[in-house]
Each structure stands twice: as structure tokens, then as C-alpha cells.
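*Asks:* Before I ask anything, here is the structure I am working with.
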Amino acid sequence: QVQIVESGGGLVQPGGSLRLSCTVSGVTTTYYSMGWYRQAPGKQRELVASVGSGNTRNYNDAVKDRFTISRDNNQATVILQMNNLKPEDTAVYYCNCIVRGVYNYWGQGTQVTVSS
């Protein structure tokens, strides 16, 4: 059974940093991509950043100069380093895993709040 565990959310002041971690288990192939999405109240869920099995990276334009996504060596963990956080970054952040391009799994979401 595929499981996704997220950690690292919380409350941070504007300009601060957070480090989100997502670990997937139960995936029996190395051919999967992982990423982070977010959803703010009243808004659609949007891509924050993703990284493919070949370590290609994709970023939302709103975060590309501030956030960095990476994977560990065994590919099972994706890290989202978020720097210079802004109030508009406040949202529930969801880890996403796409296996072999067709099977889509989601974490339960972790709250990120940027406020003074």
C-alpha cells in the first residue's frame, strides 16, 4: 500500500524559512515523480514545485526564486526548502507522487502559515 508522510509545516514570520519533507513508501518502481502542491482558502490547488525521476525540476513562477525542491539518493524523499516566505504562501501543502505517469497519490496535507 502506498503511503505518503509529510512533515515540516508550521507557522513562520514573513521572510522566514520552512523545510517540508515528504517520504513515500510502498512504491516498487523508481520511475515516479514527486512534488508539492498547495491550496489556499477559496483558491484552486496549484503546483508549487515538482521533481521527476530524472531529477528535472519544475516550479511555480511565484516561488521559483525562493523555493528549492530536491530528492534524496533513494528517490523516496522529496524536500521543499522554502525561503523568504510571504503571507501569500499561506496554504495547505500537499505532497504528490505520480507513479509511472498514471498513478497519482496524495499526502494528507500540512498547513503552512506565514504571518507576523
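The values are calculated or read from the model by the stated rules, or taken from the named source; none is laboratory data. Nothing here was measured: the structure is a model prediction, and the numbers come from that model. Heads up, the Cβs are rebuilt from the backbone with ideal geometry, glycines too, and the neighbour counts pull from every protein chain shown. Heads up: the accessible areas ignore ligands, DNA and RNA and are worked out on the full protein's heavy atoms, side chains in. Shrake-Rupley method; radii C 1.70, N 1.55, O 1.52, S 1.80 Å.
*Asks:* Could you please report the charge total around residue 30, scoring K, R as +1 and D, E as -1 over all other residues with beta-carbon less than 14 angstrom from its beta-carbon?
*Replies:* Numbers: positive: 71, 100; negative: 72.
Net of charged neighbours comes to +1.
*Asks:* Rg to Rh for the chain: what is it, with Cα atoms only and Rh by Kirkwood?
*Replies:* Details: Rg = 13.5 Å, Rh = 14.1 Å.
The Rg/Rh ratio comes out at 0.96.
*Asks:* Let me ask something additional. Suppose each label sits 7 Å from its Cα in the direction of the beta carbon; what would the residue 1-residue 104 distance come out to in nanometres?
*Replies:* Label at residue 1, label at residue 104, 2.2 nm between them.
*Asks:* Whenever you get a sec, compute what percent of the accessible area on the chain sits on carbon and sulfur atoms (1.4 Å probe).
*Replies:* Heavy-atom surface of the chain belonging to carbon and sulfur, 1.4 Å probe: 44 percent.
*Asks:* May I ask for the net charge around residue 114, where only other residues with Cβ less than 12 Å from the Cβ of residue 114 are counted and Lys, Arg are +1 while Asp, Glu are -1?
*Replies:* Values: positive: 38, 66, 86; negative: 88, 89.
Counting the neighbours of residue 114, the net charge comes to +1.
*Asks:* Next up: Give me the distance in nm between label points sitting 7 Å out from Cα along the Cα-to-Cβ direction at residue 58 and residue 43, one decimal.
*Replies:* 1.9
*Asks:* While we're looking at this one, here's another question. Anyone know which of 38, 57, 71 comes out most mobile in the 10 Å Cα GNM of the chain?
*Replies:* Between 38, 57, 71, it is 57 that shows the largest mean-square fluctuation.
*Asks:* Working with all protein chains in place, sort 98, 79 by solvent-accessible area computed with a 1.4 Å probe, largest first.
*Replies:* Working: 98 50, 79 25 Å².
Result of the area sort, largest leading: 98, 79.
*Asks:* How much length is gained on full extension from residue 72 to residue 29, taking 0.36 nm per residue of separation minus their Cα-Cα distance? Intermediate results must be reported in sequence, preceding the final value.
*Replies:* On the way: separation 43, 0.36 × 43 = 15.48 nm, distance 1.53 nm.
So the extension gain works out to 14.0 nm.
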